Amino acid sequence: MGSGIDRALPDSPGAAPRGLRRSPASRPFQRLFAAGAASTLGAAVSLVAVNWIVFHYTHSAVDIAYVGLSGVVPGIVLGLFAGVVADRYNRRSLMVTADLTRMAGMAALTAVLLFVGFALPIVLAIMVLVNSFSALFTPASQAILPRLVAKESLEDANGLLYSSNGAAWSVGSAAAGGIVVALGATWGLGINACTYALSAMLLLGIAGELGRPGPSPASARRSFGQDLAEGLRYVLASRTLVEVSFGYLPSNFLSSFVSPFLVVYAADRFGGSALAYGTLVAAWAAGTAAGGLLVGRFATRRIAGWLMGICLLAEAATYGLLALSTLLVLSLVAALGAGLAIGFSNTVYYSTIQAVVPGRVLARVLSIGDFGSFAAIPAGLVVGGLVIAAYGDGVAVSVAAVGILLTGATLLCLPDFRAFGER
């Protein structure tokens, strides 16, 4: 195991004080759990609604790619510095600020669509704003967890969070199809504004001291660049962390050919039904929920690298089924399986990182890993949109299946990737 992992200590700086070490049944964790479920429920409704609105007005896979880019580019551009911010300032306060800003953004977009009308640049601009603050929220929410639960409960806690988010995404996506049909897509955005407000209220109930990062007295005298460099040095000191942080670039590039374009897939294969699209997204999200819950049932942190590689192979198989399917039931099974593999893999990754990385650099290491994994997604969205426009969704999904199969096999051949885990 590389030195970046070996330096981590069970009671490393930033871990919860012994009087505050808690189980997933504790009230602070329950508030984090409920806040995540509420905001995810609304975000699922709004994503289906935004994609449906854009595709309804433009009928363009490339414009759907632009919507996808508005979701991932802010996280890539701001993600590294968001990790620095989350290691410097109170993480609970950052999450509340992000929720209130996202609430205002979605309320503004609802008003524009209701009273002004559709304009793609405005939709994209507001989505960039909302997702920029999501980039701030994410590392703060991930890094606060070891302050809310004991180390031995991290897998269960992550599984509960991931499964609740997956379940909320599933319910929200399915409900969104009905909302589009019954009320119109615009009202889905207003629902999201309300759920962000609810999330902020729940997070305010968490004690402020639990949001504080670990002690690092020198940080007040360092620049953001120096803090970021410290996080990069920590990652680069371990070949295992490097391979885990950046090894998912090819698979995330190829996955971008699939999930962001389910609205096009549903339109081409199932007659343009909003209910079919919402159900596909719901099945995918239900799979991630089940995958997250499964992690806590096994001792996954010791063989995390092996499990993550195997999940890539399983994901590739589900894409193969998705490419071949002409029946909604088979496509739903494939979407469920893809979500299951992704949910299991992500929960294993975050539980292991939270267990082995000291709290004072945890948000930075998490944001570097997210950057390394997601940096290829914008290019994947653009290329995926062009491939679908030129050759159809079947070709795009088939290419993703073959490429992810090769990526998973390659990572499993790397000894340091396989060694990722808690020792």
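The values are calculated or read from the model by the stated rules, or taken from the named source; none is laboratory data. The model shown is predicted, which means the values in this text are computed figures rather than measured ones. Heads up, the Cβs are rebuilt from the backbone with ideal geometry, glycines too, and the neighbour counts pull from every protein chain shown.
Would you be able to tell me the number of residues in region 390-400 that are surrounded by fewer than 23 Cβ atoms within 10 Å (Cβ to Cβ) and closer than 19 Å to Tyr319 by Cα? Residues in region 390-400 being surrounded by fewer than 23 Cβ atoms within 10 Å (Cβ to Cβ) and closer than 19 Å to Tyr319 by Cα: 6 in total. Evaluated against (1) more than 19 Å from the chain's Cα centre (by Cα); (2) outside any helix (DSSP H, G or I); (3) in contact (Cβ under 8 Å) with a residue 12 or more places away in the chain, Leu189 falls short on exactly one condition, (2).
Got at least one residue in region 214-235 being crowded, with 24+ Cβ neighbours inside 10 Å, in a helix (DSSP H, G or I) and of a type in the set (Val, Ile, Thr)? No: region 214-235 contains no residue that is crowded, with 24+ Cβ neighbours inside 10 Å, in a helix (DSSP H, G or I) and of a type in the set (Val, Ile, Thr).
Suppose we keep only residues that are assigned to a helix (DSSP H, G or I), among the small types (Gly, Ala, Ser) and at pLDDT below 80 within region 263-288. Which one would you say is nearest to Glu155 (Cα to Cα)? Filtering first and then ranking leaves Gly278.
Whenever a residue of region 236-247 is touching a residue at least 24 places away in the same chain (Cβ under 8 Å), its partners that are crowded, with 23+ Cβ neighbours inside 10 Å and among the aromatic types (Phe, Trp, Tyr), lying with C-beta atoms within less than 7 angstrom and at least six residues away or across chains, give the pairs Thr240/Phe420; Val244/Phe420. The set of residues from region 159-173 being within 19 Å of Asn51 (Cα to Cα), surrounded by 22 or more Cβ atoms within 10 Å (Cβ to Cβ) and among the aliphatic types (A, V, I, L, M) comprises just one member, Ala168. Flag: Leu327 matches the condition of being surrounded by fewer than 19 Cβ atoms within 10 Å (Cβ to Cβ) and farther than 22 Å from Ser164 by Cβ. Taken together, Ala49, Ala61 contain a single residue that is small (Gly, Ala, Ser) and under 24 Å from Leu198 (Cβ atoms), which is Ala49. Using the structure shown, decide if Arg27 is touching a helix residue (DSSP H, G or I) at 6+ places or on another chain (Cβ under 9 Å) and among the charged types (D, E, K, R). Criteria not met by Arg27. As a summary of the residue check, Cys413 satisfies the conditions (1) touching a Ser or Thr at 6+ places or on another chain (Cβ under 7 Å); (2) farther than 28 Å from Ala286 by Cβ except for the one numbered (1). Each residue in region 109-155 was checked for being of a type in the set (Asp, Glu) and free of Cβ contacts under 8 Å to residues at least 60 places away in the same chain, and 1 of them qualify.
Scanning region 45-89 for residues that are touching an Asp or Glu at 6+ places or on another chain (Cβ under 6 Å) and within 14 Å of Ser134 (Cα to Cα) yields one hit, Gly79. Somewhere in region 370-380, is a residue surrounded by fewer than 22 Cβ atoms within 10 Å (Cβ to Cβ), at pLDDT below 80, not charged (D, E, K, R) and not in a helix (DSSP H, G or I)? Checked region 370-380: at least one residue is surrounded by fewer than 22 Cβ atoms within 10 Å (Cβ to Cβ), at pLDDT below 80, not charged (D, E, K, R) and not in a helix (DSSP H, G or I).
Evaluated against (1) over 19 Å from the mean Cα position of the chain (by Cα); (2) under 30 Å from Ala304 (Cβ atoms); (3) buried (at least 18 other Cβ atoms within 10 Å of the Cβ); (4) modelled with pLDDT under 85, Leu9 falls short on exactly one condition, (3). The set of residues from region 411-423 being touching a residue at least 60 places away in the same chain (Cβ under 8 Å), assigned to a helix (DSSP H, G or I) and surrounded by fewer than 20 Cβ atoms within 10 Å (Cβ to Cβ) comprises Leu412, Asp416, Arg418.
The requirement of being under 20 Å from the mean Cα position of the chain (by Cα), closer than 30 Å to Val54 by Cα, among the hydrophobic types (A, V, I, L, M, F, W, C) and at pLDDT 85 or above is satisfied by Ala316.
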